[in-house]
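Remarks on the structure that follows.
The values are calculated or read from the model by the stated rules, or taken from the named source; none is laboratory data. Please read these numbers as outputs of a predicted model, since none were measured by experiment. Quick reminder, even Gly has a Cβ in these numbers, built from the backbone with ideal geometry, and neighbours come from all protein chains shown.
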Amino acid sequence: MEVIQSGIGELIRPPDLNAFREWNRHKSKTLVDKRMSEAEAVSRFVHDGDYLGTELYGTVRCPMSLVNEVVRQGKKDLLIAGQGVLELDMLLAASLVKKLDITYIGLEVYGVSNCLRREVESGRIETCVEWSNAAFAGRFKAAAMGVPFIPLRSMLGTDTLKYSSAKVVKDPFTGDPICLIPALILDVGLIHVHRADKYGNCQVDGISGFAAEMARASKTLIVSTEEIIDEEDIRNNPDRTIIPYYLVDAVMEAPFASHPGEMCYVHRRDEDQIREWVKAAETPETTRAYLDKYIYGVRDHREYLELIGKEHLESLRYPRRKP
Amino acid sequence: MTTDYNPSELLICTAARLMPDNTTAFIGTGIPMLAASLAQKMHAPNLVTVFEFGGTGAIIDELPTAVGGQNTFHRAVAASGICDIMETAHRGFIAYGFLGGAQIDPYGNLNSTVIGDHRHPKVRLPGSGGSNDVGSHCWQTIAIMRHDKRRFMEKIDFITTPGYLSGPGSREAAGLGPGSGPYRVVTNLAVMGYHPQSKRMLLLATQPGVSVAQVLENTGFELLLAEQIEENPPPSQEELRILREEVDRDKLYI
């Protein structure tokens, strides 16, 4: 295939499909109880310099309790799949990020992320490699397919492509230009789901974002869940399982783990808490104070929930669960 | 009920009028959500809203505050995932796409990545997100912007999202689907389209009480003028009532 254009962005983690196959071959297929605390999961499976991804994102079904634990343990020099809002803000606030593949890091209706600005504009983040959302999800999809790249018609003609590590080639079938995006295999994926059994079979309600793709693109997967259910409940409704247990390395019951974001059909987002973060993130001092109070100042997710307050959390719950 | 309105309300009403019934529209955070909701309640009950993380065909009763929030698939016809939505856009199913950005150029290219140099940016912005995909795959895109010289520039710092790139034929040459591209730009001062041949931005209508001279003064490049420049009607009493009492009853945005 004739390469017409090569993005000048760094290919932070070149995909090694054969090593990934070998890794998956040796991943345990035994049904074992994988329940453990956030602290144990993060200390066992997340290492300095790892390539990390999170799903869904910031204010929606986001694995905040796991991200908070990564911050608490100070895992540093992280390479990050940059699709995020509050969760990546926490990692950026704690200066734990070394390199970014970025599609979107911002605060949605509240505008730009000051933490991203400080880390990038100061040069503390070594490199930002640009992607579109379709390309970003497509990179996980390629890894999930077990292939080195997939073709896409996004990013063509733009600086987003120029500053990515994608390539434009001449399609060998039609001769037209087409963008190839490289597979992205994560060291560790962090996902929050509605329900899982103790082995890690996971079900999600509502939109599924890129959970299925990212789970399959992760060498190690840590899952937090609103509730742990019986294996029987999984086996009676296997059509609802989007992540089978053999992809999962650790699972923990963590209600309100996506707080202050929302969890569809379970609880709405905590607007006051999100605003408190938006305000705190304005300066390094107030950012640090927020981390001190809500992350470093509590031992774990349960203490975090106590700090937020049970009554307040219950007020965020939707009155009726989805049948 | 007053017929006074603020700039956000004007943008929302102008954008809502551009959303026809029985069509598909890719909706992003903020004004497009309000406009889609208003359009559904006014003239387009079967406007099929499409949200990037998986919501298709939501009835927007309560405003979403995030593109993946529960309200993006409230009473929807499908709740899938980002790959399904992006593939649907790839296949040519999405008629309209709504975009925003920090900067726009005469060909409708948009910047939401950096102000200044990419390696050492003056301001690091959020990045493309779904913007580049919307600009690449939707048949017609509508940009909603605040109108001033710092945003409407001959040359923008970074092309995050493709408009007509460098002019006629350049989208096709880059490999994008023929017949797609920028359609309208809606601002607090005007509504613009694109010249059918040169693909440069063209002033079609001014917002109520705004002069053509004012629009030109606030545009940092040579804006083409349509043969006849209309004046947009102001938001109607009915539009404002629905917007305030139904669409944004919790005053999240307006």
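Conditions: (1) over 22 Å from B:Gly116 (Cβ atoms); (2) more than 8 Å from chain B (Cβ to nearest Cβ). A:Gly138 meets all but one. Number of the miss? Every condition holds for A:Gly138 apart from (2).
No other residue among B:Val123, B:Val114 is without any contact (Cβ under 8 Å) to a residue 24 or more places away in the chain, in contact with a helix residue (DSSP H, G or I) (Cβ under 9 Å, 6 or more places away or on another chain) and among the hydrophobic types (A, V, I, L, M, F, W, C) apart from B:Val123.
The set of residues in region A:272-323 that are at pLDDT below 95 and either in contact with an Asp or Glu (Cβ under 9 Å, 6 or more places away or on another chain) or in a helix (DSSP H, G or I) (or both) contains only A:Lys322. Of the residues that make up region A:29-47, is at least one in contact (Cβ under 8 Å) with a residue 40 or more places away in the chain, under 30 Å from B:Ala174 (Cβ atoms) and not in a helix (DSSP H, G or I)? No, because not a single residue in region A:29-47 is in contact (Cβ under 8 Å) with a residue 40 or more places away in the chain, under 30 Å from B:Ala174 (Cβ atoms) and not in a helix (DSSP H, G or I).
Looking only at region A:267-318, which residues are among the polar types (S, T, N, Q) and closer than 16 Å to A:Cys115 by Cβ? Residues satisfying the conditions are A:Thr283, A:Thr286, A:Thr287.
For A:Cys115, the conditions (1) of a type outside the set (Gly, Ala, Ser); (2) out of contact with any strand residue (DSSP E or B) (no Cβ under 7 Å at 6 or more places or on another chain); (3) part of a strand (DSSP E or B) all hold with the exception of (3). For region A:113-126, state whether one or more residues are touching a helix residue (DSSP H, G or I) at 6+ places or on another chain (Cβ under 6 Å), buried (at least 24 other Cβ atoms within 10 Å of the Cβ), among the hydrophobic types (A, V, I, L, M, F, W, C) and away from chain B (no Cβ under 12 Å). No: region A:113-126 contains no residue that is touching a helix residue (DSSP H, G or I) at 6+ places or on another chain (Cβ under 6 Å), buried (at least 24 other Cβ atoms within 10 Å of the Cβ), among the hydrophobic types (A, V, I, L, M, F, W, C) and away from chain B (no Cβ under 12 Å). Taken together, the residues in region A:164-181 that are surrounded by fewer than 24 Cβ atoms within 10 Å (Cβ to Cβ) and either more than 13 Å from A:Ile4 (Cβ to Cβ) or under 21 Å from the mean Cα position of the chain (by Cα) (or both) amount to 3.
Among B:Gly130, B:Gly135, which is the only one that is of a type outside the set (D, E, K, R), facing another protein chain (nearest Cβ under 9 Å) and touching a Leu at 6+ places or on another chain (Cβ under 9 Å)? On inspection, the qualifying residue turns out to be B:Gly135. Residues in region B:167-202 that are more than 11 Å from chain A (Cβ to nearest Cβ) and polar (S, T, N, Q) were compared, and the one that is nearest to the chain's Cα centre (by Cα) is B:Thr187. Residues that are within 7 Å of another protein chain (Cβ to nearest Cβ) and either in contact with a His (Cβ under 8 Å, 6 or more places away or on another chain) or surrounded by fewer than 22 Cβ atoms within 10 Å (Cβ to Cβ) (or both) do not occur anywhere in region B:100-117. Filtering A:Val204, A:Val193 for residues that are of a type in the set (Val, Ile, Thr), within 22 Å of B:Gln70 (Cα to Cα) and touching an Asp or Glu at 6+ places or on another chain (Cβ under 8 Å) leaves a single hit, A:Val193. Among the residues making up region B:23-65, those that are in a helix (DSSP H, G or I) and either at the interface with another protein chain (Cβ under 10 Å from one of its Cβ atoms) or aliphatic (A, V, I, L, M) (or both) are B:Ile31, B:Met33, B:Leu34, B:Ala35, B:Ala36, B:Leu38, B:Ala39, B:Met42. One residue alone among B:Ala95, B:Ala66 is surrounded by 23 or more Cβ atoms within 10 Å (Cβ to Cβ) and within 20 Å of the chain's Cα centre (by Cα), and that residue is B:Ala66. Looking at B:Ile94, is it touching a residue at least 24 places away in the same chain (Cβ under 8 Å), out of contact with any Gly (no Cβ under 9 Å at 6 or more places or on another chain) and within 30 Å of B:Gly220 (Cβ to Cβ)? Spelling it out, it is not the case that B:Ile94 is touching a residue at least 24 places away in the same chain (Cβ under 8 Å), out of contact with any Gly (no Cβ under 9 Å at 6 or more places or on another chain) and within 30 Å of B:Gly220 (Cβ to Cβ).
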